[in-house]
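Data first, discussion second: the structure below is written as structure tokens.
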Amino acid sequence: MDYLPIFMDVRGRCCVVVGGGEVAARKVAMLLRAGARVTVVSPQLVDELEQRKRGGELAHIDATFSPACLDDAVLVIAATDDNAANRAVHQAALQRRLPVNVVDALELCSFIMPSVLDRSPLLVAFSSGGRFPMLTRWLRARLETLIPSGYGKLAQVAGELRDEVRRRLPQPESRRAFWREVLEGTIPERASSDDAGSVRLAMLDTLEKAGGGQNTGEVCWVGVASPEPDLLTFRALRLMQRADVVFYDRAVGKGVLDLVRRDAEQRPVAGGAVDDVIEAMLALACEGRHVLRLADAEEGAERLRERCIAVGIPCLVSGMPKK
């Protein structure tokens, strides 16, 4: 491991960026998102930085760099196109024992800036140690599609309930089982569409059942408008991968079924009464099973939701994607 991966709290603390160009503007934007007080040192500013200055988002020292510019800093970034100026920033930061990053000069960096996937408070950072930045950007783009934006909301609510979970479930094994149930159930999907209050209520309901020793099952309905697996949504794929039992219409293609979790039980729906299928799904969910319906028509989705609400079973309905 070439670098120690850490996350630094800069909220309300002074961070200095030397340079007023486009690269400096990107670094300033990241620091501001992290809550830093930013000071930019440069005789000239690009339009973005000038607008931030007029809006009171940053302080500006209209001068070339001098070591005194770092007197209040906790972190320094040099982003100029002048190698001599960058080296001067590096040397002044070292003398003050400040972490310093010089853009595109790895040998002058005491820390490096990773590529970041931001689902605050959940953060995922990628770094190639400065050797292959394109790879880190590519990996981040791939994970953007796999980590829904609602996971930040999920992490926020979980953090608020952490002490309550510890109080109700004093045994570590019970807490681990509870959090696994939260992550593998419908709550992460709810976090992508519902508000934080709804996510909190769903988590508290799961906690109540865990405290009473109940197994928490769930029911999901996914519309499959085409037999082509490439047209499935990411949400559908996530639900298919955690199902214990899958009820599927015969029109659902084999390519779609091949993406279901391999050890899941598969049950074809052979044109029986909609209510009979719903009751069979609910019975399994009451046993603590994760039950999924793959349907090629929307018939029964709303009825399923109503029955789940009536018996207190978590339910998620994912509508038909367009063909």
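By what distance, in whole Å, do the Cα atoms of the chain stretch along each of the three principal axes, largest value first?
79, 47, 40
Before anything else, pin down the relative contact order of segment 1-130: Cα pairs under 8 Å, at least 6 apart, normalised by residue count, whole percent.
Dividing the mean separation by the residue count of segment 1-130 yields 21 percent.
Using only the heavy atoms of the protein chains and a 1.4 Å probe, how would HIS60, HIS290 rank by accessible area, largest first?
Details: HIS60 45, HIS290 20 Å².
Accessible-area ranking of HIS60, HIS290, largest first: HIS60, HIS290.
Enumerate lysine pairs in the chain that are 8 or more residues apart or on different chains, then count those whose Cα atoms are under 23 Å apart. If you can, show how the numbers build up before the last one.
Working: LYS27/LYS53; LYS153/LYS209; LYS254/LYS322; LYS254/LYS323.
Lysine pair count for the chain: 4.
Roughly what % antiparallel, to the nearest 5, for the DSSP beta bridges in segment 1-147?
Beta bridges within segment 1-147, antiparallel portion: roughly 25 percent.
Taking the Cα centre of segment 24-82 as the origin, how large is its charge dipole in debye, to the nearest 20, when only Lys and Arg (+1) and Asp and Glu (-1) carry charge on their Cβ atoms? Please list the in-between numbers first.
Values: 7 positive and 9 negative charges, 61 e Å.
I would put it at about 300 debye.
Could you tell me what percent of the accessible area of the chain is made up of carbon and sulfur, with a 1.4 Å probe and every protein chain present?
The C+S portion of the solvent-accessible surface of the chain is 50 percent.
In the chain, with Lys and Arg counted as +1 and Asp and Glu as -1 at Cβ, which of these residues, LEU154, VAL124, GLY300, has the Cα nearest the positive end of the dipole, that is, farthest along it?
Of the options given, the answer is VAL124.
If we count every other residue with Cβ under 15 angstrom of VAL103's Cβ, Lys/Arg +1 and Asp/Glu -1, where does the sum land?
Once all neighbours under 15 Å are counted, the net charge is -2.
Nothing charged except the Cβ atoms of Lys and Arg (+1) and of Asp and Glu (-1): what's the magnitude of the dipole of segment 135-244 about its Cα centre? Round to the nearest 20 debye.
460
When the dipole is taken about the Cα centre of the chain, and only Lys, Arg (+1) and Asp, Glu (-1) are charged at their Cβ, what size is it in debye, to the nearest 20?
Approximately 640 debye in magnitude.
Percent antiparallel among DSSP beta bridges with both residues in the chain, to the nearest 5?
Values: 5 of 40 bridges.
In the chain, DSSP labels about 10 percent of beta bridges as antiparallel.
How large is the helix-only mean residue ellipticity at 222 nm for the chain, computed as the sum of -39500 (n - 2.57) over DSSP H runs with n ≥ 4, divided by its residue count, in deg cm²/dmol to the nearest 500? Don't skip to the answer; put the middle values down first.
Values: 12 runs with 139 residues, N = 323.
Mean residue ellipticity at 222 nm (helix-derived): -13000 deg cm²/dmol.
Can you give the accessible area of TRP179 in Å² (nearest 10), computed on protein heavy atoms with a 1.4 Å probe?
TRP179 has an accessible surface of roughly 70 Å² with all protein chains in place.
Of LEU239, HIS60, LEU282, whose Cα points farthest to the positive end of the dipole of the chain (charges on the beta-carbon: +1 Lys, Arg; -1 Asp, Glu; origin at the Cα centre)?
Positive-most Cα among the choices belongs to HIS60.
Which sequence of VAL311, VAL28 reflects their accessible areas, 1.4 Å probe, from the largest down?
The ranking, largest first, comes out as VAL311, VAL28.
The values are calculated or read from the model by the stated rules, or taken from the named source; none is laboratory data. None of the values given here were measured: they were computed from a predicted structure. Glycine gets a Cβ as well: all are built from the backbone with ideal geometry, and neighbour counts include every protein chain shown. For the accessible areas, the whole protein counts, side chains as well, though only heavy atoms, and no ligand, DNA or RNA atoms are used. Shrake-Rupley method; radii C 1.70, N 1.55, O 1.52, S 1.80 Å.
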